[in-house]
Amino acid sequence: MKTKQIFAGLIGASMLCSMGAAATAANVQQQEKLPIVEEKQQAPERVLTYGKIESIQKENNMPVSITLSRLKENGGTVVLRIDTDTIMFDSDAGVQADWSTLKEGDCIYAFHSPVMTHSLPPQTTAEAILTNVPQDAGAAMLHTVKEVEQTGDGGLRILADQGDLIISVGKDAVISPLDTKNKVSFADVKVGDRIFAWYDMVLESYPGQTHTDKLVLIPAGTQVEKPMNQTYHILIDGDMMLPQKAVVKNGVIMVPLRVAAEALGCKVTWDGAEKAATITDDARTMTVTIGEDLYVSAAAPETDLIGMTAPQKLGAAPHIDAEGYTWVPAKAFEVMVGYQVTQTEDTVKIDPQS
């Protein structure tokens, strides 16, 4: 009897093992039939890079591409395409920078598209070029606002980019617009806007966390206007090209006063005590003062004539550059009377009127 019970138990155990093995095999077959899904990592919105400018390609005196030399481990040489939406940014001052200051040999930071061509060197589009980054401080970081909320202490909490960074903004943080003509507050920061933020450390959490006390706001849809030209040739009396180039200050074309005036046959005197320069020709005289946007001319004393123009503001005051040249608006020569100032795409012309 006992033998039969043992035999029956062995058979039962064998059946259970067989059933378990069959079930395991079935599970293996089922697992083998499941599709393999690869987790796709989302591409970053923008990429930060650093390097030295090897060359600058220009059209109409404005950069259209920058060849950037980088360390081999950072990707090597890359060509950054510049378009009308590319921001030129002074990271130290927190304002837009002048494209004409960019030169070969400069070291810059750049935020660019993650998409690159397969050419050699690869090419990509620059979203922002950062200059003037202090050696003892990090570059301003460019982010897109994904979520934003005001905090109980009067600051802001910004979830940036693809939700991978939380930026805490202190209640006393300085916020300014990219366009310095406007004023902004925390209430103006909206989803979809871009910001430049300055910070040092990011906590290694997810999302990462950091703190800033300085923001520059770029509202969504902002049209970043790249000036058509920042430097112009100066052509005097139809055929005399000056070695210096005109520059743009506050949107006003400026020319070197003494060089331009003497090329036109005028006499220039300087009063160091008053910081004023006087231009005189056969018929008129005009005195301009450093730092004063006010221009008026009168008949030259030797003419015994009476006649003074109405005082005019031309949008920029005379200034002295680092090399000692005094610069005035080109239009100041029209205030002088007897001269015509015209402008083409890359040249400002000053001609005596007959």
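The values are calculated or read from the model by the stated rules, or taken from the named source; none is laboratory data. Note that the structure is predicted; figures quoted are calculated from it, not measured. As a convention, Cβ positions derive from the backbone with ideal geometry for all residues, glycine included, and neighbour counts pool all protein chains shown.
Failed condition for V248, given (1) within 23 Å of the chain's Cα centre (by Cα); (2) in a strand (DSSP E or B); (3) loosely packed, with under 14 Cβ neighbours inside 10 Å; (4) aliphatic (A, V, I, L, M), with all others met?
Of everything listed in (1) within 23 Å of the chain's Cα centre (by Cα); (2) in a strand (DSSP E or B); (3) loosely packed, with under 14 Cβ neighbours inside 10 Å; (4) aliphatic (A, V, I, L, M), V248 misses just condition (3).
Do we find that D179 is in a loop (DSSP other than H, G, I, E, B), charged (D, E, K, R) and outside the structural domain of S65 (by TED's automatic domain parsing) in this structure?
yes
Does H233 satisfy the condition of being at pLDDT 95 or above, on the phi < 0 side of the Ramachandran plot and of a type outside the set (F, W, Y)?
No: the conditions fail for H233.
Among (1) loosely packed, with under 15 Cβ neighbours inside 10 Å; (2) over 30 Å from V189 (Cα atoms), there is one condition E147 misses while meeting the rest; what is its number?
(2)
Pairs, please: C-beta under 8 Å, at least 6 apart or cross-chain, first residue among the hydroxyl-bearing types (S, T, Y) and in region 142-153, second assigned to a loop (DSSP other than H, G, I, E, B) and surrounded by 14 or more Cβ atoms within 10 Å (Cβ to Cβ)?
Filtered contacts from region 142-153: T144/E45; T144/D161; T144/D193.
Taking the criterion of being under 19 Å from K58 (Cα atoms), buried (at least 18 other Cβ atoms within 10 Å of the Cβ) and either at pLDDT 95 or above or within 11 Å of the chain's Cα centre (by Cα) (or both), would at least one residue in region 90-103 satisfy it?
Within region 90-103 (the criterion being under 19 Å from K58 (Cα atoms), buried (at least 18 other Cβ atoms within 10 Å of the Cβ) and either at pLDDT 95 or above or within 11 Å of the chain's Cα centre (by Cα) (or both)), the answer is yes, since at least one residue qualifies.
Is region 172-179 home to any residue that is under 24 Å from T101 (Cα atoms) and either among the polar types (S, T, N, Q) or more than 16 Å from the chain's Cα centre (by Cα) (or both)?
Yes, the conditions are met somewhere in region 172-179.
Checking A316 against (1) surrounded by fewer than 16 Cβ atoms within 10 Å (Cβ to Cβ); (2) touching a residue at least 40 places away in the same chain (Cβ under 8 Å), which single condition isn't satisfied?
(1)
Quick one: in region 317-354, which of the residues that are among the small types (G, A, S) and more than 20 Å from L264 (Cβ to Cβ) is modelled with the highest pLDDT?
The extreme case among them is A317.
The conditions are (1) under 21 Å from G238 (Cβ atoms); (2) in contact with a strand residue (DSSP E or B) (Cβ under 6 Å, 6 or more places away or on another chain); (3) exposed (fewer than 13 other Cβ atoms within 10 Å of the Cβ), and G307 fails exactly one of them. Which is it?
For G307, the failing item is (1).
I'm told T210 meets every condition in (1) hydroxyl-bearing (S, T, Y); (2) under 20 Å from the mean Cα position of the chain (by Cα); (3) in a strand (DSSP E or B) except one. Can you identify the failing condition by its number?
Of the numbered conditions (1) hydroxyl-bearing (S, T, Y); (2) under 20 Å from the mean Cα position of the chain (by Cα); (3) in a strand (DSSP E or B), the odd one out for T210 is (2).
Considering only residues of region 337-352 that are surrounded by fewer than 16 Cβ atoms within 10 Å (Cβ to Cβ) and of a type in the set (S, T, Y), which is nearest to D239 (Cα to Cα)?
T347
Looking at this structure, is T117 in contact with a strand residue (DSSP E or B) (Cβ under 7 Å, 6 or more places away or on another chain), hydroxyl-bearing (S, T, Y), assigned to a loop (DSSP other than H, G, I, E, B) and not assigned by TED's automatic domain parsing to the domain that holds V174?
Answer is yes for this residue.
Could you go through region 191-200 and let me know if any residue there is more than 21 Å from the chain's Cα centre (by Cα), under 20 Å from E45 (Cβ atoms) and part of a strand (DSSP E or B).
No, region 191-200 contains no residue that is more than 21 Å from the chain's Cα centre (by Cα), under 20 Å from E45 (Cβ atoms) and part of a strand (DSSP E or B).
Residues of region 259-286 being closer than 12 Å to A299 by Cα, free of Cβ contacts under 8 Å to residues at least 24 places away in the same chain and in a strand (DSSP E or B), which ones?
Residues satisfying the conditions are T280, T285.
Examine region 132-146 for a residue that is modelled with pLDDT of 95 or more and of a type in the set (V, I, T), and state whether such a residue exists.
Checked against the condition, which is being modelled with pLDDT of 95 or more and of a type in the set (V, I, T), region 132-146 yields at least one hit.
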